[in-house]
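Structure record follows, encoded as structure tokens.
Read the figures in this text as sums done on the coordinates, not as results from a lab. These figures come from a predicted structure and were not determined experimentally. Because the Cβ atoms are built from the backbone with ideal geometry, glycine has one as well, and the counts that use them run over all protein chains shown.
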There are 2 protein chains.
Amino acid sequence: MLVYANIVKFVKNSINMSLVIRKGKKEDMPAVLGLIKELATFEREPAAVVVTVDDLVRDGFASNPLFQTFIAVYDDEIVGMALFYNRYSTWKGKTIHLEDLIVKENKRQLGIGKALYDEVLKYALNEKVRRVEWVVLDWNTPAIDFYKKSGASILKGWETVQMTEENLINYINSVSNEDI
Amino acid sequence: MLVYANIVKFVKNSINMSLVIRKGKKEDMPAVLGLIKELATFEREPAAVVVTVDDLVRDGFASNPLFQTFIAVYDDEIVGMALFYNRYSTWKGKTIHLEDLIVKENKRQLGIGKALYDEVLKYALNEKVRRVEWVVLDWNTPAIDFYKKSGASILKGWETVQMTEENLINYINSVSNEDI
């Protein structure tokens, strides 16, 4: 657990407030899902979130967890989270992927996002991974500038390809028919 | 293990040849690294491959493996591989990421790539994941067309951000100095 002493830099008028960044626990998953849904609603895609608290608890806290989280607790309230997991590069080996970093809308500009970002990167350094990776929307200039300033680079020329579960079923059915 | 009966479609003049797609084993990792290095050399980045056979064996065959592979054996020779692993979407839950699909240069156009692609997608379907994801270079029109025809979509507007181990160390050092 790491208490950010430098929070006074960001919250000048709130001397008694405190920011704690800690590992996520099962009991945090309802609040984590709340943050995920708040952001999806803001992005006008609330129906796109099909993940449930049960999914998060099962998938994040199995013997072989699919993700980990850091949680930002500000003045005793969960106000942010970073969700990340390992990936594997055929060139570099083990890497860490930062899937999502969310701060409640009314708690932005307080340095909470940076505290979560730093914590994930410190974790990555301790894990001795050879790369940390994430994605950003190309119009999000403030975020891109922040990432670049911290030493990250934008990889040019790669497109993300996705196949949904529905299209996966259709494709496999069509391939199976070919095989007959 | 799945023997592709429909290989006759692709290899009309080689009736006695056979294509087998199977799960990768520890003993395959030297050949897998050979394929990775062949491709990196073709892309004029041979020095970028820092992964070793020991890394691949340790990371792919631990109790908590960081990746899995399918291997294409064509006429008793390892000529291709697909390397993939789980990722986690905060909206969809468990997904599969196809990191790399490589076919030896002199064994292309025989349907081996498609056989590996199909096998990964079948595996994903069995795992009941809600999405399969990978990346493609934006100039690689034949690949993009193939993916689209199979039901995948190109996600627009997202950029990949990467921080190397070296820049990670620099950033964390600078942040630690701030904290003092």
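Residue of A with Cβ nearest the axis relating A to B, plus distance in whole Å?
Rotation axis A onto B, closest Cβ, rounded to whole Å: A:64, 3.
On the principal axes of its Cα set, how long, how wide and how thick is the range B:2-179? Give whole Å, largest value first.
Rounded to whole Å, the extents work out to 69, 35, 35 Å.
Quick one: compute the contact order of chain A, relative version, from alpha carbon pairs under 8 angstrom and 6+ residues apart, as a percent.
Across chain A, relative contact order equals 17 percent.
Measuring label to label, 7 Å along Cα→Cβ, what does residue A:65 give against each other copy in nm, shortest first?
From this label point to the equivalent ones elsewhere in the assembly: 2.3 nm.
Which value in deg cm²/dmol, rounded to the nearest 500, describes the helix-derived mean residue ellipticity at 222 nm for chain A, given -39,500 (n - 2.57) per DSSP H run of n ≥ 4 and division by the residue count?
-11000 deg cm²/dmol
Note down the net charge around residue A:154, summing +1 for each Lys or Arg and -1 for each Asp or Glu among other residues with Cβ under 13 Å from its Cβ.
Cβ neighbours under 13 Å give a net charge of -1.
For the protein assembly as shown, build the convex hull from the C-alpha positions and give me its volume per residue in Å³.
Dividing the Cα hull volume of the protein assembly as shown by its residue count gives 145 Å³.
Show me, for the range B:157-163, the HN-Hα J-couplings you get by feeding each phi into the Karplus relation (A = 6.51, B = -1.76, C = 1.60, θ = phi - 60°), rounded to Hz, glycine and proline as x.
Running phi through 6.51 cos²θ - 1.76 cosθ + 1.60 with θ = phi - 60° gives x, 9, 10, 8, 10, 10, 10 Hz.
Tell me which lysines have Cα within less than 19 Å of residue A:156's Cα, excluding those fewer than 8 residues away on the same chain?
Straight-distance partners of residue A:156: A:92, A:148, B:156.
Could you work out the local net charge near residue A:57, counting Lys and Arg as +1, Asp and Glu as -1, over the other residues with Cβ closer than 12 Å to its Cβ?
Once positives and negatives cancel, what remains is -2.
Identify which of B:160, B:52, B:41 has the largest mean-square fluctuation in a Gaussian network model of chain B, with springs joining Cα atoms closer than 10 Å.
Among B:160, B:52, B:41, the largest GNM mean-square fluctuation belongs to B:160.
Counting only residues 5 or more places away or on other chains, whose amide H sits under 5 Å from the amide H of residue B:24 once H atoms are built in the peptide plane?
Here B:69, B:70, B:71 satisfy the definition.
If you take every residue apart from residue A:130 with its C-beta less than 13 Å away from the C-beta of residue A:130, what net charge results, scoring Lys and Arg +1 and Asp and Glu -1?
Local net charge: -1.
Whole-Hz ³J(HN,Hα) for each residue in the range B:94-110, computed from phi via Karplus 6.51 cos²θ - 1.76 cosθ + 1.60 with θ = phi - 60°, x for glycine and proline: what do you get?
In residue order, the calculated couplings are 5, 10, 10, 10, 8, 7, 7, 9, 10, 10, 3, 4, 7, 10, 7, 6, 10 Hz.
Angle, helix B:165-179 long axis vs. longest principal axis of chain B, Cα atoms, 0 to 90°, nearest 10?
The helix B:165-179 is inclined about 20 degrees to chain B.
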